[in-house]
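The values are calculated or read from the model by the stated rules, or taken from the named source; none is laboratory data. On a predicted model such as this, the values are computed, not experimentally measured, just so you know. Please note: Cβ atoms are built from the backbone with ideal geometry, for glycine as well, and neighbour counts cover all protein chains shown. Note: areas computed on protein heavy atoms with side chains; ligands, DNA, RNA excluded. Shrake-Rupley method; radii C 1.70, N 1.55, O 1.52, S 1.80 Å.
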Amino acid sequence: MSLRSTAAITVGKSSHWFLHHFLHGGTSLPGKITLAFDPDVLETLGANYETVLITGTNGKTLTTALTVKVLQTTYQNVLTNPSGSNMKQGIVTAFLTAKKTASGKQLAILETDEANVELVTRYLHPKVFVLTNIFRDQMDRYGEIYTTYDKILNGIRLEPKATIIANGDAPIFNSKDLPNPTIYYGFDLGNDQELQAAPNTDGLLCPNCQHILHYHQLTYSNLGKYYCPNCGFSRPQLQHIVTELTEQTPVSSTIKIDNQPLTLHIGGTYNIYNALAAYSVGCFFDVPAEEIATALNANDQKVFGRQEVINLENKELTLILVKNPVGLDQVLQMIKTDQQPFSLAVLLNANYADGIDTSWIWDGRFEQLPFERVPVVLAGGERWKDIAFRLKVAGAEQTDFKKIASLPAVLESLKQVPTKHIYVLATYTAMLQLRKLMAEQGYLKEGME
């Protein structure tokens, strides 16, 4: 280790100690300070780790958390970035704060922003890349889905011997020939039919002949058992499969993966994919299937704004991050299955971390919400006027429809709703702001971690 790296790491650890103990933060700033002293410090920090990079549009944070839980059943030294701080500085902070034991394999399971895969790969030389999905997201940063995939591929091509563990139901992950060994996961529930995705779905053109893809099974958006009727392009063989979907509620899913039964204590079909990815990584690292199932069965899978349940004046507030059309629509499809009355708040910001283009809110099917069971609907956030208009068009005015610009006023209004259950859908910076406010009022231990 060079003198420069040693000094940078010392300063970084000191800054984290101060921020963590006095400001209840420190997820990315210590990394930023460390990088200012040594821009290449990540290579030193990660030198003795086998690294797994988890990337994609949706599901990175929960997939990372579930993967860590699975691997911790077998390995003692598992480092991660649990808060979702997935840029270079956040990853440096994760290494700065890692606790290591004296022996055993050292694993780094890292959520990585799609645009940062190449940068992080240059320093950490991953053993595994996990690809969750690619959907239209933050057009100002990423452009179309193929541009996003190219950013990821720029990193993968630096490590041609690394294993790719990819969502086999996503056609885009089968669109390029790569030398890497590849493991695919997906759904196969049998009962094949002749299906087509909705015409406004992204990524429906065959990469070989540009014909519209068809499906034998369709889970959501463009994910499923796809094939091209023109040239024969089709879904690759799956190594790890959801073979049965027994029951789904807003808070759980009972399934079988490779015929191994398990219950996820978190709702949404999209979260089944996250668990399936974690299962696949566990198998790659030789964790027994029974131990993987036990880890995924544990009732503690809600993390940092991703279906996080918070007690608010004896009400259950479920905080859900939304940031793009497919993710938003899947959340709406999930919460509408709640058979009990619930209140709904949607908080919309449009800062850089959220994506400054808010047109995606029109792709979520708010019209399908059971407004007869939703006595209160609240529009808030810095762009409250935009989301209020969207909710008005969807039919929210048949409820007690509130439009509130002030975040403290939003929280006070949520305390007064008549239902026990509250769903709060929030963009990234709105979610952070609300968590910080609830932490200040004692509803959370800390605002950022």
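Residue-level check: of (1) in contact (Cβ under 8 Å) with a residue 60 or more places away in the chain; (2) closer than 30 Å to ASP354 by Cβ, ILE183 misses just (2). Here ALA293 fits the description: in contact (Cβ under 8 Å) with a residue 24 or more places away in the chain and either crowded, with 16+ Cβ neighbours inside 10 Å or in contact with a Ser or Thr (Cβ under 8 Å, 6 or more places away or on another chain) (or both). With respect to THR112, is the statement that it is buried (at least 22 other Cβ atoms within 10 Å of the Cβ) and modelled with pLDDT under 80 true? No. Quick check on my filter: what residues within segment 212-257 are open to solvent by 20 Å² or more (accessible area, probe 1.4 Å), of a type in the set (A, V, I, L, M) and not in a loop (DSSP other than H, G, I, E, B)? Listed by number, the residues that qualify are ILE212, LEU218, ILE241, LEU245.
May I ask you to verify whether ASP329 is open to solvent by less than 60 Å² (accessible area, probe 1.4 Å), among the acidic types (Asp, Glu), under 23 Å from THR219 (Cβ atoms) and touching a helix residue (DSSP H, G or I) at 6+ places or on another chain (Cβ under 9 Å)?
The answer is yes for ASP329.
A quick yes/no check of all residues on (1) at negative phi; (2) among the aromatic types (Phe, Trp, Tyr); (3) open to solvent by 10 Å² or more (accessible area, probe 1.4 Å):
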site	(1), (2), (3)
ASN259	no, no, yes
THR263	yes, no, yes
ILE320	yes, no, no
GLY355	no, no, no
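Against the list (1) of a type in the set (Val, Ile, Thr); (2) within 18 Å of VAL309 (Cα to Cα); (3) modelled with pLDDT of 95 or more, the condition ILE361 fails is (2).
Screening segment 191-211 for residues that are in contact (Cβ under 8 Å) with a residue 12 or more places away in the chain and at positive phi and picking the one that is surrounded by the most Cβ atoms within 10 Å (Cβ to Cβ) gives GLY203. Of all residues in segment 386-443, those being acidic (Asp, Glu) and either in a loop (DSSP other than H, G, I, E, B) or within 19 Å of ASP354 (Cβ to Cβ) (or both) number 1. Can you tell me which residue is farthest from GLY59 (Cα to Cα) among those in segment 309-326 that are touching a Gly at 6+ places or on another chain (Cβ under 8 Å) and assigned to a strand (DSSP E or B)? My answer is LEU319. Would you say ASP177 is acidic (Asp, Glu) and open to solvent by 50 Å² or more (accessible area, probe 1.4 Å)? For ASP177, the condition - acidic (Asp, Glu) and open to solvent by 50 Å² or more (accessible area, probe 1.4 Å) - is met.
Residue-by-condition table, conditions (1) β-branched (Val, Ile, Thr); (2) modelled with pLDDT of 95 or more; (3) not in a loop (DSSP other than H, G, I, E, B):
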| site | (1), (2), (3) |
| --- | --- |
| THR27 | yes, no, no |
| GLY31 | no, no, yes |
| THR44 | yes, no, yes |
| ASN48 | no, no, no |
| SER83 | no, no, no |
| GLY104 | no, no, no |
| ASN116 | no, no, yes |
| LEU119 | no, no, yes |
| VAL130 | yes, yes, yes |
